[in-house]
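**Q** Please find one structure pasted underneath; my questions will follow.
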Amino acid sequence: MEELLMKSNDSALSQNNCDFDKGHNLFIFREIPILAGITTVDFGDFSQKADNYQRPQIIAELKMALQADTAIALRHTHNLQIKLIDNFSYREDYDADALILLRSGYSKFNPVIYSATAGSPVVILTDAAQTAIALIYCGWREIYGRLLHAAVVRFCSAAGIDKKSEIIAWIWPGTCKQCFRVWPDSDIKRFMNTDFPHEKGRIDLRRMIVDQLLDANLELPNIRSSSLCAYHSRYGEGFYFFNAYGRTKKTDKNAVFAKFKD
Ligand SMILES: [Zn+2]
């Protein structure tokens, strides 16, 4: 791990590479071939508590904003499962921690895939030709379980990509190292000294994500990350951008989304 940490270099990662779309209250990630980004507080709550009344409305708004016909949710369950979306019999919700969507046949239902998050990182994989998209929830359990590494392998085999150097990764980093807090009763404490390097209890999940992507043979210039933080970047333009469960104690969630560009 120490050797891998040495390979990470934040200065090589792009900074502030998000555009704020005031018309839709969305952040759009730049420097990725597909259409991807994250919703804000004003866009709506993507948590499960909002399922019954708000959810149909904000899903409709998300589809309209991105000109998608279908919305498919990654409902992360910490089961480390990776699901390949079948082009012919898709569902609206997948209980998994990673989704892979192939370009071939996608036009049948023109979907946006999304994952709710409030302070946890989400990673998107694609390639310059937009052959496929993967959406991977990366909380500490998924990082500990090396889900990212497994997702890169599955992504390559599903998309028929031979060279991992062709894969582009985009990281929504969630809560940064300075803002990350471990709950007193969290299971993560059992792993902190051995598997999770930390400084006075502060864990850099983004760095661990970069290290796992490099370990899966992605190339550093193809790994991009927002420098926005769900907690300390949460206020701007006169309102709150992001929910940051763990710091704000609110259970509302934003959604990281991804869609093929036409
Ligand atoms: Zn922060």
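The values are calculated or read from the model by the stated rules, or taken from the named source; none is laboratory data. From a predicted model like this one, the values you see are computed outputs, not experimental measurements. Neighbour counts are summed over all protein chains in view; Cβ atoms, including those assigned to glycine, are modelled from backbone coordinates with ideal geometry.
**Q** Would you confirm whether any residue within region 191-212 is at pLDDT 90 or above and either touching a Cys at 6+ places or on another chain (Cβ under 6 Å) or in a loop (DSSP other than H, G, I, E, B) (or both)?
**A** Checking region 191-212: at least one residue is at pLDDT 90 or above and either touching a Cys at 6+ places or on another chain (Cβ under 6 Å) or in a loop (DSSP other than H, G, I, E, B) (or both).
**Q** Go through region 138-165 and count every residue that is of a type outside the set (Lys, Arg), within 15 Å of LEU214 (Cβ to Cβ) and in a helix (DSSP H, G or I). Talk me through it step by step, then tell me what you get.
**A** Quick first cut of region 138-165, residues of a type outside the set (Lys, Arg) only: 138-140, 142-145, 147-153, 155-162, 165.
Checking which are within 15 Å of LEU214 (Cβ to Cβ) leaves us with 138, 143, 148-149, 151-153, 165.
Of the ones still in play, those that are also in a helix (DSSP H, G or I) are 143, 148-149, 151-153, 165.
The number of residues fulfilling the criteria is 7.
**Q** In region 218-249, how many are part of a loop (DSSP other than H, G, I, E, B), surrounded by 16 or more Cβ atoms within 10 Å (Cβ to Cβ) and either of a type outside the set (Ser, Thr, Tyr) or within 13 Å of the ligand (Cβ to nearest atom) (or both)?
**A** In the first step, residues of region 218-249 are kept if they are part of a loop (DSSP other than H, G, I, E, B); the result is 218-219, 226-234, 237-238, 241-249.
Subsequent filtering for residues that are surrounded by 16 or more Cβ atoms within 10 Å (Cβ to Cβ) retains 218, 226, 228-231, 233-234, 241-248.
Next, from what is left, pick out any that are either of a type outside the set (Ser, Thr, Tyr) or within 13 Å of the ligand (Cβ to nearest atom) (or both): 218, 226, 228-231, 233-234, 241-244, 246-248.
Counting residues in region 218-249 that are part of a loop (DSSP other than H, G, I, E, B), surrounded by 16 or more Cβ atoms within 10 Å (Cβ to Cβ) and either of a type outside the set (Ser, Thr, Tyr) or within 13 Å of the ligand (Cβ to nearest atom) (or both) gives 15.
**Q** Pairs, please: C-beta under 6 Å, at least 6 apart or cross-chain, first residue closer than 28 Å to TRP170 by Cβ and in region 187-211, second among the polar types (S, T, N, Q) and assigned to a loop (DSSP other than H, G, I, E, B)?
**A** As it stands, the answer is ARG207/SER8; VAL210/SER8; ASP211/SER8, since those pairs meet every condition given.
Quick grid of which residues meet (1) loosely packed, with under 15 Cβ neighbours inside 10 Å; (2) away from the ligand (no atom under 16 Å from the Cβ); (3) not small (Gly, Ala, Ser):
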{"position": "ALA116", "(1), (2), (3)": "no, yes, no"}
{"position": "PRO121", "(1), (2), (3)": "no, no, yes"}
{"position": "LEU135", "(1), (2), (3)": "no, yes, yes"}
{"position": "ARG141", "(1), (2), (3)": "no, yes, yes"}
{"position": "TYR144", "(1), (2), (3)": "no, yes, yes"}
{"position": "VAL153", "(1), (2), (3)": "yes, yes, yes"}
{"position": "ILE167", "(1), (2), (3)": "no, yes, yes"}
{"position": "ILE171", "(1), (2), (3)": "no, no, yes"}
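**Q** While we're here: Does GLY160 satisfy being surrounded by fewer than 16 Cβ atoms within 10 Å (Cβ to Cβ), more than 15 Å from the ligand (Cβ to nearest atom) and in contact (Cβ under 8 Å) with a residue 24 or more places away in the chain? Quick ask: steps written out before the conclusion?
**A** Working: surrounded by fewer than 16 Cβ atoms within 10 Å (Cβ to Cβ): yes; more than 15 Å from the ligand (Cβ to nearest atom): yes; in contact (Cβ under 8 Å) with a residue 24 or more places away in the chain: yes.
Yes.
Residue-wise test of (1) assigned to a strand (DSSP E or B); (2) surrounded by 19 or more Cβ atoms within 10 Å (Cβ to Cβ); (3) not polar (S, T, N, Q).
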{"site": "PRO33", "(1), (2), (3)": "no, no, yes"}
{"site": "ALA36", "(1), (2), (3)": "yes, yes, yes"}
{"site": "GLY44", "(1), (2), (3)": "no, yes, yes"}
{"site": "THR77", "(1), (2), (3)": "no, no, no"}
{"site": "SER89", "(1), (2), (3)": "no, no, no"}
{"site": "ILE100", "(1), (2), (3)": "yes, yes, yes"}
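**Q** Cβ-Cβ below 6 Å, separation at least six or inter-chain, first residue in region 218-232 and in contact (Cβ under 8 Å) with a residue 40 or more places away in the chain, second among the acidic types (Asp, Glu): which pairs?
**A** ARG224/GLU31
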